Amino acid sequence: MRIVVTILAVAALASVPLWLRDPYLLNALITTGIFIIGAMSLNLLLGFTGQLSLGHIAFFGIGAYVSALTSLGFDIGLPGGVRLVHEPWPPIVGLVFAILIAGLCGYFVGLLSFRVRGAYFVIVTISFAEVVRLVALNWVELTQGPLALTNIPSIVLPLSGFGELTLRTKLQNYYLVLVVALVAYLLIARLVHSHFGRAMRGLMENETLAVSVGIDVTKTLTLAAVISAAIAGAAGSLYAHYIRIIDPEVFAFINTVTMVIMVISGGKGSLAGPVVGGLIFGLLPVALRPIMAPEAQWIAYGGVLMAILFVLPRGIVPSLAQRLVRRRSGTAALAPVALAETAAKEQA
Amino acid sequence: MTARSVAMTIEQVAVRFGGLVAISDMSFTVGEGEIVSLIGPNGAGKTTAFNVMTGFLEPSAGRVTYRDTALNGLKPHQIADLGLIRTFQRTSVFPNDTVYDNLLIGLHRQGRVRLLDAILGLPGARASERKLRQRASELIEWVGLERRAHDAAGSLSYGEQRLVGVALALAAEPSMLLLDEPVSGMNASETHRFVELIRDIRSRGITILLVEHDMPMVMTVSDRIVVLNYGRIIAEGSPDVIRNDPAVIEAYLGHGAARA
């Protein structure tokens, strides 16, 4: 049942460019897809460990800058009169570096904050994002500051025997994003259903009991932060090579908030939640643009979010799954929270 | 009793919270394969002693040794890795997960496979998963909760949750088990069943340290009893010795009763 739904959903998403020819809509779908990958990585932390990263866009932005700089090259002066020169490398190498370096940043942020957790993690992540933004803004020699990194090359796929394929068109980028999103989705699904995922769930539900059966809190949460940051870095890399221009505005707080809204509205702790929430809030601007001023649009997002959480308080996917289970079994006797959790797991 | 080798040694342990003395000076040992009970009136320091032994609390003085490893400064999960596992008075389950999933979480120490193997679904990781599922089913059967296996643990009755708690502790493959008031809130037949479980655990060669208020249960099941009062050990010995010890009778029943 679950597999059928997943395959149908993937087939539907794969068929979109076949009947949707409008480049503006396709562009909106591509950027939405990139943000959905970011939201999925945020969900790994927020939904499965209960830790809220309010600076998640930092990992996304670091991925974008690392990937752009790897493929553009740079020439900077270091203290002591040394010059560091980097010749441009293929964008695909940039993607790999983006994943590695974003993951490394996740490691340090996790190590720094998970000894105390909770509110401290929220504060550390917000500060981290702000520091990274200021570095991107002021280290002009490396990042061009507010002038932005421009002419970032598109991703080139080496095809053995057929030369190379440069992903320049929207159609190609759409499928690239879809494939990366699918890989990220499957990776997270495997993770949360492994012994590691069970350790995360145990810690979120009853930390005292979890450590008493031998679960290492710091190690588990840090590992979750590393994987989450690495996936966000991959999304940032896709963004850089698709948009082909990156400036420090990518680190804006509103971008993190967008990802949080996608996760919360779709349903945190559910694998499909960020995808559903992401499609709604990624495409809502497209729907509202013809009829509303940008300021009014922000108010409308707030209204939609409140409406969703009022009707489906646990987020769209878990709440609907819960109703489905209740209708099928015909019982509402169990504690609703417990039931929804089981339901979310079954559909996930 | 003297022939047994010593599993755990508690030496001159003291715990003070500011000016409050929870444990003033506690020393005793637990032999391999023994069932020892730690009893005493409310506030005597029993749970505090448990927290010290399992790394949830650092003692103000003294040391705890388990099988020649000093436990001071170790974190709870590191102590669990030594095979020293405890249960809790209140927080005994993962409430939102099914009983079955609870046990899979409890089997963490058995399920450690390389993360990459798990992500790629390599044969080693899948075999390990199958073994865990098998083991979880066995444990559910052992505590007799087959019918509740797929219900959320939080929806179970209090007595059933205690059983899940013990199964969880056993899932962690202990060599020594610390049970914190396991039968409190259980009715007579549940308690009777539980005593059978404790004997079964011991027959697997697992050492048991028990904190309990239910005196008939303690007297039936224990090899040896240690009595705490106001943070000090006031008596130690076999159930028969403890039953007739004037200091114990006074601590439990008051001064007048001891004289009578």
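Would you point out the residue of the range B:137-157, among those that are hydroxyl-bearing (Ser, Thr, Tyr) and without any contact (Cβ under 8 Å) to a residue 24 or more places away in the chain, that is farthest from the other protein chains (Cβ to nearest Cβ)?
Filtering the range B:137-157 for residues that are hydroxyl-bearing (Ser, Thr, Tyr) and without any contact (Cβ under 8 Å) to a residue 24 or more places away in the chain, the one farthest from the other protein chains (Cβ to nearest Cβ) comes out as B:157.
Evaluation of residue B:74 against the conditions (1) more than 14 Å from chain A (Cβ to nearest Cβ); (2) within 16 Å of residue B:8 (Cα to Cα) shows that the sole unmet condition is (1). Are there any pairs, at least 6 apart or on different chains, whose C-beta atoms fall under 7 Å, with the first in the range B:17-39 and under 18 Å from residue B:86 (Cα atoms) and assigned to a strand (DSSP E or B) and the second modelled with pLDDT of 90 or more and among the basic types (Lys, Arg), and if so, which? Going by the 7 Å Cβ cut-off, the qualifying pairs are B:35/B:202; B:36/B:224.
Among the candidates B:190, B:160, the residue that is without any contact (Cβ under 8 Å) to a residue 60 or more places away in the chain and over 20 Å from residue A:202 (Cβ atoms) is uniquely B:190. Taking first residues from the range B:118-136 that are farther than 13 Å from residue B:103 by Cβ and partners that are among the aromatic types (Phe, Trp, Tyr) and part of a helix (DSSP H, G or I), the Cβ contacts under 8 Å between residues at least 6 apart in sequence or on separate chains come to B:118/A:196.
Just checking, does the range B:166-179 include any residue being more than 14 Å from chain A (Cβ to nearest Cβ) and either exposed (fewer than 15 other Cβ atoms within 10 Å of the Cβ) or at positive phi (or both)?
no
Within the range B:15-39, if we keep just the residues that are closer than 14 Å to residue B:237 by Cα and surrounded by 23 or more Cβ atoms within 10 Å (Cβ to Cβ), the residue that is modelled with the lowest pLDDT turns out to be B:39.
From the list B:236, B:250, B:190, B:173, the lone residue that is among the acidic types (Asp, Glu) and within 24 Å of residue B:11 (Cα to Cα) is B:236.
Taking helices (runs of 4 or more DSSP H) as the structural unit, those lying wholly within the range A:1-100 and holding at least 1 residues that are surrounded by fewer than 17 Cβ atoms within 10 Å (Cβ to Cβ) correspond to A:2-19, A:23-46.
Would you be able to say whether some residue in the range B:40-52 is of a type in the set (Phe, Trp, Tyr) and closer than 21 Å to residue B:168 by Cα? Yes, some residue in the range B:40-52 is of a type in the set (Phe, Trp, Tyr) and closer than 21 Å to residue B:168 by Cα. Residues in the range A:115-147 that are in a loop (DSSP other than H, G, I, E, B) and closer than 23 Å to residue A:257 by Cβ: 2 in all. Could you please let me know if residue A:183 is within 26 Å of residue A:136 (Cα to Cα) and either surrounded by fewer than 18 Cβ atoms within 10 Å (Cβ to Cβ) or within 14 Å of chain B (Cβ to nearest Cβ) (or both)? So residue A:183 does not fit the description; no.
For beta carbons closer than 9 Å, sequence separation of 6+ or different chains, a first residue in the range A:86-111 that is within 13 Å of residue A:234 (Cβ to Cβ) and a second that is surrounded by fewer than 23 Cβ atoms within 10 Å (Cβ to Cβ) and not hydrophobic (A, V, I, L, M, F, W, C), the qualifying pairs are A:91/A:153; A:91/A:154; A:92/A:158; A:94/A:153; A:106/A:222.
Given the structure, is residue A:320 farther than 29 Å from residue A:57 by Cβ, assigned to a helix (DSSP H, G or I) and either modelled with pLDDT under 90 or away from chain B (no Cβ under 14 Å) (or both)? So residue A:320 does not fit the description; no.
Looking across the range B:102-115, just one residue is free of Cβ contacts under 8 Å to residues at least 24 places away in the same chain and more than 7 Å from every other protein chain (Cβ to nearest Cβ), and that is B:114.
Filtered by the rule that a residue be touching a Leu at 6+ places or on another chain (Cβ under 9 Å), buried (at least 21 other Cβ atoms within 10 Å of the Cβ) and assigned to a loop (DSSP other than H, G, I, E, B), the range B:41-69 gives B:44, B:45, B:54, B:55. Could you figure out which of (1) surrounded by 15 or more Cβ atoms within 10 Å (Cβ to Cβ); (2) assigned to a helix (DSSP H, G or I) isn't true of residue A:153? Among (1) surrounded by 15 or more Cβ atoms within 10 Å (Cβ to Cβ); (2) assigned to a helix (DSSP H, G or I), the lone unmet condition for residue A:153 is (2). Tell me, please, whether a residue that is in a strand (DSSP E or B), surrounded by fewer than 19 Cβ atoms within 10 Å (Cβ to Cβ) and of a type in the set (Gly, Ala, Ser) can be found in the range B:70-90. Yes, that holds for at least one residue. When the range B:81-101 is limited to residues that are touching a Ser or Thr at 6+ places or on another chain (Cβ under 6 Å) and at the interface with chain A (Cβ under 7 Å from one of its Cβ atoms), the one that is farthest from residue B:9 (Cα to Cα) turns out to be B:91. Remark: residue B:182 matches the filter, which requires a residue to be within 19 Å of the chain's Cα centre (by Cα) and closer than 30 Å to residue A:195 by Cβ.
Among the criteria (1) touching a Phe, Trp or Tyr at 6+ places or on another chain (Cβ under 8 Å); (2) more than 10 Å from every other protein chain (Cβ to nearest Cβ), the one residue A:218 does not fulfil is (2).
Going by the structure shown, is residue A:285 at pLDDT below 90 and not acidic (Asp, Glu)?
The answer is yes for residue A:285.
The values are calculated or read from the model by the stated rules, or taken from the named source; none is laboratory data. Just so we're clear, the structure is a prediction, and the values are computed from it rather than from any experiment. Because the Cβ atoms are built from the backbone with ideal geometry, glycine has one as well, and the counts that use them run over all protein chains shown.
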